[in-house]
Amino acid sequence: MLFSQLQQMQQEIAQLRGMLEEQQNDIQRLKQESLERYQDLDKRLSSGAAAGAAATQNSSAAGASNGAGGASAGAGDAGAQASGEPADPAKEKLFYDAAFDLIKAKDFDKASQAFGAFLRRYPNSQYAGNAQYWLGEVNLAKGDLQGAGQAFAKVSQAYPQHSKVPDSLYKLADVEIRLGNNDKAKGILQQVIAQYPGTSAAQLAQRDLQRIR
């Protein structure tokens, strides 16, 4: 009787191990698919950044001006949302997805406007942290380094617990390198490595830190 129970337990354990391995494989596959999608999007953004490099100075000046205006507008809309329009996750997702689709279409000017509008309208949305990060990405793709830097910096300031904080800090360091502020970039990269060990951003930061003279 005891031997039979032991065999049954061993079979159940073997089944559980099989299920666990299958789940781990599924998780790994999903991670890989997510990484591939991100890399594909990053390539599109990078190609857009190269195309907009010639207009960097003019775009940067405009971005700095728009960034200041956007910040004050965002503060006003935040108050309006708190006392007026209630949160609507379904509507927020539609708005966010529409802005994200503009990135896929490589329409970075409209994407920047759309994410800016989203953040002014829904500053407390569950998608706000992501929107703030992608605002930085599209500004970078446009060649607007000042606007990109402001957007990336605001992720950690406004959404300090968000999962995009390590990536946004790494991208902020990249902006500082492009602006020639290597010492500032080193400090940010060291912060990413120290505060977010084990993340892909920390790995990239370690690589870039070795390249900066």
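The values are calculated or read from the model by the stated rules, or taken from the named source; none is laboratory data. Bear in mind the structure is a predicted one, so any value in this text is a computation, not a measurement. Every residue, glycine as well, gets a Cβ built from its backbone with ideal geometry; the counts of neighbours run over all protein chains shown.
Quick notes on this structure:
Here is a yes/no grid of residues against (1) under 30 Å from ARG211 (Cα atoms); (2) surrounded by 24 or more Cβ atoms within 10 Å (Cβ to Cβ):
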site: PHE115; (1), (2): no, yes
site: ARG121; (1), (2): no, no
site: LEU145; (1), (2): yes, no
site: HIS162; (1), (2): yes, no
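- Flag if ALA128 is exposed (fewer than 13 other Cβ atoms within 10 Å of the Cβ) and hydrophobic (A, V, I, L, M, F, W, C): no
- Any hit, segment 91-102, residues being within 26 Å of PRO166 (Cβ to Cβ), at pLDDT 90 or above and loosely packed, with under 12 Cβ neighbours inside 10 Å: yes
- Contacts under 6 angstrom Cβ, first residue in segment 84-103 being under 12 Å from TRP134 (Cα atoms), partner modelled with pLDDT of 95 or more and surrounded by fewer than 19 Cβ atoms within 10 Å (Cβ to Cβ), 6 or more apart: none
- Residue list for segment 151-160, restricted to those being surrounded by 24 or more Cβ atoms within 10 Å (Cβ to Cβ) and not small (Gly, Ala, Ser): PHE152, VAL155
- Residue check, LEU140 more than 23 Å from ASN181 (Cβ to Cβ) and either modelled with pLDDT of 95 or more or not polar (S, T, N, Q) (or both): no
- Hits in segment 149-184 - residues which are over 16 Å from GLY136 (Cα atoms) and part of a helix (DSSP H, G or I): ASN182, ASP183, LYS184
- Single match in SER163, SER125 (criterion: under 24 Å from GLN203 (Cβ atoms) and without any contact (Cβ under 8 Å) to a residue 40 or more places away in the chain): SER163
- Number of positions in segment 187-201 that are surrounded by 15 or more Cβ atoms within 10 Å (Cβ to Cβ), outside any loop (DSSP other than H, G, I, E, B) and at pLDDT 95 or above: 5
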